[in-house]
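Report on the following structure.
The values are calculated or read from the model by the stated rules, or taken from the named source; none is laboratory data. Since the model is a prediction, treat every value here as computed from it, not as a measurement. Virtual Cβ from ideal backbone geometry, glycine too; neighbours counted across all protein chains shown. Only protein heavy atoms, including side chains, enter the accessible area calculation; ligands, DNA and RNA are left aside. Shrake-Rupley method; radii C 1.70, N 1.55, O 1.52, S 1.80 Å.
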Amino acid sequence: VQLQASGGGLVQPGGSLRLSCAASGRTISTYNIGWFRQAPGKEREFLRGIRWSGNNYGDSTKGRFTISRDNAKNTVDLQMNSLKPEDTAVYYCAAAAKTKILSTLWSPGGYDYWGQGTLVTVSS
């Protein structure tokens, strides 16, 4: 499967942004999909995920970000609200085989395919 993340840009603190992860080549609902981000000088950080079954997993954003899947569009979106300057980073979506156990999906190493990333800048 090939993934392409989009929707990044410049947003003011307190604003919202919606990122989209589009899959091609395969049906996205047959994968576990995770959203990560990486700020300069920091490790890649897990944010939220959605299992192939449709169940969400993980939330390191304390509810500010929500994940959803649109099977008709073959996309997984990340809705980001109440954005802060510290949310500035490159955001990535990634896919893991449906057979992967949940405990492997918290870290980047648990994923098999990655999108190219989209830059989100939160600044006034």
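Observations on the model:
- Filter result (without any contact (Cβ under 8 Å) to a residue 12 or more places away in the chain and within 15 Å of the chain's Cα centre (by Cα)) within segment 1-42: none
- If you go through segment 76-117 and keep only what is in contact (Cβ under 8 Å) with a residue 40 or more places away in the chain, surrounded by fewer than 21 Cβ atoms within 10 Å (Cβ to Cβ) and among the hydroxyl-bearing types (Ser, Thr, Tyr), you end up with Ser82, Thr88, Ser107, Tyr113.
- Candidate set: segment 50-84, residues that are among the basic types (Lys, Arg) and farther than 17 Å from Val1 by Cβ; chosen: the one nearest to the chain's Cα centre (by Cα): Arg64
- Of the residues making up segment 43-55, those that are at pLDDT 95 or above, part of a loop (DSSP other than H, G, I, E, B) and in contact with a strand residue (DSSP E or B) (Cβ under 8 Å, 6 or more places away or on another chain) are Arg44, Arg51, Trp52.
- The set of residues in segment 24-43 being under 19 Å from Val90 (Cβ atoms) and surrounded by 13 or more Cβ atoms within 10 Å (Cβ to Cβ) consists of Ile33, Gly34, Trp35, Phe36, Arg37, Gln38, Ala39.
- Residue in segment 12-26 that is of a type outside the set (S, T, N, Q) and within 19 Å of Trp106 (Cβ to Cβ) present: yes
- Matching residues in segment 2-17 - criterion: being open to solvent by 30 Å² or more (accessible area, probe 1.4 Å) and either among the β-branched types (Val, Ile, Thr) or closer than 12 Å to Thr75 by Cα (or both): Gln2, Gln4, Ser6
- Ser124 falls short on exactly one of the conditions (1) within 15 Å of the chain's Cα centre (by Cα); (2) open to solvent by 40 Å² or more (accessible area, probe 1.4 Å); (3) over 16 Å from Leu3 (Cβ atoms); (4) polar (S, T, N, Q), and that condition is (1).
- Restricted to strands (runs of 3 or more DSSP E) entirely inside segment 71-124, those with at least 1 residues that are under 16 Å from Gly25 (Cβ atoms) and touching a Leu at 6+ places or on another chain (Cβ under 6 Å) are 89-97.
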